[in-house]
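Asks: What follows is a single structure, and I will ask about it in a moment.
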Amino acid sequence: MTTTAPFAVASPVDGHPLPEVRATPLEGLTAQITASRQAAAGWASAPLDQRASQVTAMAEAILRRREEIAAIIHEETGRGPVQSQMAEVIFVLEYARDAVKVARKALAPEKLPLSRLNFPGKSGVTEAVPRGVVGIIAPWNYPLSNFYKSLFPALLSGNGVIMKPSEYTPRTGAWLYERCVEFLPGGLVQLLQGGGEAGAALLESDIDAIVFTGSVATGRKVAAAAGKRLIPCSVELGGKDPAIVLADCNLDRTVIGVAQWSMFNTGQDCSSIERIYVEDAIADEFVRRLTVVASSLTVAGAAAEPTDMGPLQNERQVRIVEEHVADAMAKGAKLLCGGKRTGKGCGFEPTVLDHCTHEMRIITDETFGPVAAVIRVKDAEQAIAHANSTVYGLNGSVWTSNLERGAALARRIHAGVVYVNNHSFLGTNAFTPWTGVRDTGPGVAASVHAYHTFVRRRTVLMDSNNQPDPWWFPANADLAEFAGLVAEKSRGSLMVIPKLLGVLSRRTKAVQELARKGGK
Ligand code: NAD
């Protein structure tokens, strides 16, 4: 397909220009969807085993070529090549194999348990039917895994897919698309390169379902557009995850764990720890140690590779982080380390802010940067109240030596995934329903619970009864008695069964008589 205007994208590593990518002309979108739909018809009729072997072969190729794709991800996101492999590539085959196990469960037909007395001669089954063509719109922060975690189940379900990469990371999307072309039937997966206008056009097209991962603002538009078209929609949006650090935690492990999940991927993770509630009793020591760990992290642009953190992905992201830090400091937060650019590209120093409050944007808005923002609390109850006071709800964690108490507290955090003594580590796992509450959106990525977006249920009912059903016309006096007895039986009274069988036989005769009236 020919393409139009080039994207102007420079590498966040050091600003060097990246190979040109062109937006897909939107006039061709209808033809792309038609081609995908046609290919999906054959794909869906193949046995699951065949689809599974092709998807798994594709995952094997991604794993085999991990250095190549990690280099592209590095160029586009700035994240180091090794960490890119770790975060998005090395588990791809395992993910695909697990996704096949999940698919076998999610796609298996279910027999309906129908009561023989209430439904004589009847049987039923509900089947999973592919939606048709599923649109997948992805963000830039994990440009490979944010695709395959929905792409694999969508394909295993028998759908065609239109994939729309972020305009910030189009080359990673294009590379994955090439693997689809290599291993899947021609036309099944289509690539739509472009920015917001391409995503919006996809929602206006006649796709059958949409999976969207991205910001709250865009997610609202996507959900509204999907609602207008009445197509299933899974939206996975921003987060502002809390970590609650209790006085009895294992301090050595908690400090590095909280630093890891605040700063990993330079904080550009939907489930980064963005608010740290620390009990007063250990706050001084915790903050001191966290500052030591954070300031020892190396940042691309300011240290030789391999570094702990890459730069932020884009200039807009740097400005957001700068604004949040400045707002916090103006409102009384204490800067303990970092707080500014590294001086090269989009690099930003690992930052610790103490004495933050809920009046600060660093606590209320998604920052998406390498900032550990600490709020001191008097106890766990105050921490829980604060943790539940933002509009987001993706992940939350409690750090404590008392696992039972930690689990009870974690369950009180309003979030889709909660942890004790860890955070964020199951973001791309085929069995885990990755989901949220409030503005994070109700979408579900992965697990059997994600399949509502990929398949609809079709119920097939069969009646082998050669008698008319006893509740059909005529509505005579026996019908009222029949209703009363059925109600009694459903309350658990087995004593009514002989009487019920008697009425049933009279009703059957009455219905048969009426049926015979029309005969000769
Ligand atoms: P974004 O909303 O700006 O863009 C996401 C995608 O939507 C891009 O491909 C973009 O081109 C497209 N888009 C833009 N306007 C559109 C429109 N009107 N209709 C349809 N598509 C449109 O988000 P981003 O900045 O790329 O990504 C960062 C955000 O993603 C953060 O908020 C982060 O928390 C979130 N995120 C969430 C999860 C999760 O699992 N909850 C995972 C990763 C990222």
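Every residue, every condition in (1) buried (at least 19 other Cβ atoms within 10 Å of the Cβ); (2) closer than 24 Å to residue 236 by Cβ; (3) within 13 Å of the ligand (Cβ to nearest atom), yes or no:
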| site | (1), (2), (3) |
| --- | --- |
| 274 | yes, yes, yes |
| 281 | no, no, no |
| 302 | no, no, no |
| 306 | no, no, no |
| 311 | yes, no, no |
| 328 | yes, no, no |
| 331 | no, no, no |
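Asks: Can you name every residue in the stretch 113-129 that is closer than 22 Å to residue 500 by Cβ and either surrounded by fewer than 13 Cβ atoms within 10 Å (Cβ to Cβ) or touching a residue at least 60 places away in the same chain (Cβ under 8 Å) (or both)?
Replies: 113, 115, 116, 117, 118, 120, 121, 122, 123
Asks: Turning to a different aspect of this structure: Restricting to the stretch 386-412, name every residue that is more than 19 Å from the chain's Cα centre (by Cα), open to solvent by less than 50 Å² (accessible area, probe 1.4 Å) and among the aliphatic types (A, V, I, L, M).
Replies: Answer for the stretch 386-412, where residues must be more than 19 Å from the chain's Cα centre (by Cα), open to solvent by less than 50 Å² (accessible area, probe 1.4 Å) and among the aliphatic types (A, V, I, L, M): 387, 398, 407, 409, 410.
Asks: So, one more: Go through the stretch 430-474 and give me each residue that's closer than 30 Å to residue 240 by Cβ, open to solvent by 30 Å² or more (accessible area, probe 1.4 Å) and not in a strand (DSSP E or B).
Replies: 431, 433, 437, 438, 439, 442, 448, 449, 452
Asks: I want to confirm something. Restricting to the stretch 426-465 and keeping residues that are more than 11 Å from the ligand (Cβ to nearest atom) and modelled with pLDDT under 95, which single residue is nearest to residue 96 (Cα to Cα)?
Replies: So the residue we want is 426.
Asks: A further question on this structure: Hey, any hits in the stretch 11-33 for a residue that's at pLDDT 95 or above and acidic (Asp, Glu)?
Replies: Yes, the stretch 11-33 contains a residue that is at pLDDT 95 or above and acidic (Asp, Glu).
Asks: Here's something else I'd like to know. Which pairs do you get when a residue that is on the phi > 0 side of the Ramachandran plot, found in the stretch 193-215, comes within reach of a residue that is open to solvent by 30 Å² or more (accessible area, probe 1.4 Å) and within 7 Å of the ligand (Cβ to nearest atom), reach meaning Cβ atoms under 8 angstrom, with the pair 6+ apart or on two chains?
Replies: From the stretch 193-215, the pairs are 194/167.
Asks: I'm trying to understand the selection: among the residues of the stretch 58-107, which are open to solvent by less than 20 Å² (accessible area, probe 1.4 Å) and out of contact with any helix residue (DSSP H, G or I) (no Cβ under 8 Å at 6 or more places or on another chain)?
Replies: none
Asks: Can you list residue pairs whose Cβ atoms sit under 6 Å apart, with the first residue in the stretch 153-179 being over 21 Å from residue 46 (Cα atoms) and the second being more than 14 Å from the ligand (Cβ to nearest atom) and open to solvent by 10 Å² or more (accessible area, probe 1.4 Å)? Count only pairs 6 or more apart in sequence or on different chains.
Replies: Taking only residues 6 or more apart or on different chains, the pairs are 171/72; 172/72; 175/72.
Asks: Out of the residues in the stretch 201-260 meeting the condition of being open to solvent by 60 Å² or more (accessible area, probe 1.4 Å) and within 10 Å of the ligand (Cβ to nearest atom), tell me which one is nearest to residue 435 (Cα to Cα).
Replies: Among those residues, the one meeting the criterion is 220.
The values are calculated or read from the model by the stated rules, or taken from the named source; none is laboratory data. Predicted model, so just to flag it, every value in this text is computed and none were measured. Counting neighbours? That spans all protein chains shown, and the Cβs are built from the backbone with ideal geometry, glycine included. Heavy atoms of the whole protein, side chains included, go into the accessibility calculation; ligands, DNA and RNA do not. Shrake-Rupley method; radii C 1.70, N 1.55, O 1.52, S 1.80 Å.
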